[in-house]
Amino acid sequence: MSQTTSNAAQGLGQATTLASGFQFPSIHNFPPFYTLQPTASTWKNQSDLWGTVIMRYYRHHRLYQLDLDDSTTNDQLFNNQRISRALKPETIQAIVEEMVKKGDAEWDATSRKRRAIIFWRKPEDWAAMISSWVFESGLNNSILTFYEIAHGENSEDQEFYNIHPTVLQKTMDVLVKRGVATTFQGANFEEMGVKFFNAGA
């Protein structure tokens, strides 16, 4: 939105807080926020703001995949019943496209731009986090399966627990490229293995 529009949005009162504890910014209650703005500069500001809201929402709820055809997951995000406004699917798609350009999202190649992975934390950051956990836990002398990292008992209290497979694969690619780890093929994705070489990413 324009600076004037953004300033106007600040006067909308208290931001909406969901039962999950997530708090939307006040602009989420601003009706023009739900209409694709025709001016390039205004659209850039609008799409940037929406991108920030999406990443914060997905991080808070530990979500990774945005599906334009899944109305349940994103209902509270894109459909504001308080002001009777909702983003159209084509507008959501345009916002995600802008996020993709900035490296904050990636389209599922098989979905014809209907599904995307949201990178609310970059693979490089996940790589540092997982590497630190491996060495602090004394697991660097073992071959870990991708399943053990994403769903194992030892990782239940870690932020990367239940990490999306696409994000985990990109994280492993970062670690391999840095020379920190090597991966091993398995019968399926979850049975793929990784072994760490040295102390950290």
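Numbers at a glance
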item: Förster-model FRET efficiency, 30 Å R0, residue 184 and residue 70, C-beta, rounded to 0.05; result: 0.35
item: HN-Hα J in Hz across the stretch 49-59 - Karplus 6.51, -1.76, 1.60, θ = phi - 60°, x for Gly and Pro; result: 5, 5, x, 5, 4, 4, 5, 5, 5, 5, 5
item: Ratio Rg/Rh [Cα only; Rh per Kirkwood] for the stretch 14-87; result: 0.94
item: Degrees, to the nearest 10: 165-177 long Cα axis against longest axis of the chain; result: 60
item: More than 16 angstrom apart: percent of Cα pairs within the stretch 62-103; result: 40
item: Between helix 123-136 and the chain: long-axis angle, C-alpha atoms, 0 to 90°, nearest 10; result: 40
item: Spatially proximal lysines relative to residue 88 (Cα-Cα < 23 Å; intrachain offsets below 8 disregarded); result: 44, 101, 102, 113
item: J(HN,Hα) series, the stretch 66-75, from Karplus relation 6.51 cos²θ - 1.76 cosθ + 1.60, nearest Hz, glycine and proline x; result: 9, 10, 5, 9, 9, 6, 6, 4, 9, 4
item: At 1.567 mPa s and 4 °C, Stokes D of the stretch 91-201 from Kirkwood alpha-carbon radius, µm² per second; result: 88
item: Cβ-defined net charge surrounding residue 163, 11 Å radius [Lys, Arg +1; Asp, Glu -1]; result: +2
item: Label-point separation in nm, residue 62 to residue 23, each point 7 Å along Cα→Cβ; result: 2.3
item: Separation of the residue 124 and residue 83 label points, Cα + 7 Å toward Cβ, nm; result: 3.5
item: Summed side-chain charge close to residue 114 - residues other than residue 114 whose Cβ falls under 11 Å, Lys, Arg +1, Asp, Glu -1; result: -1
item: Cα radius of gyration and Dmax for the chain (Å); result: 19.5, 57
item: Residue order, fewest to most surrounding Cβ atoms within 10 angstrom, among 129, 99, 192; result: 129, 192, 99
item: The stretch 24-62-the stretch 106-160 distance, computed between alpha-carbon centres (Å); result: 27
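Taken together, the values in this text are just the output of simple stated rules run on the coordinates, not laboratory data. Everything quoted here is computed from the prediction, not taken from an experiment. Positions of Cβ are backbone-derived with ideal geometry, glycine not excepted, and every protein chain shown enters the neighbour counts.
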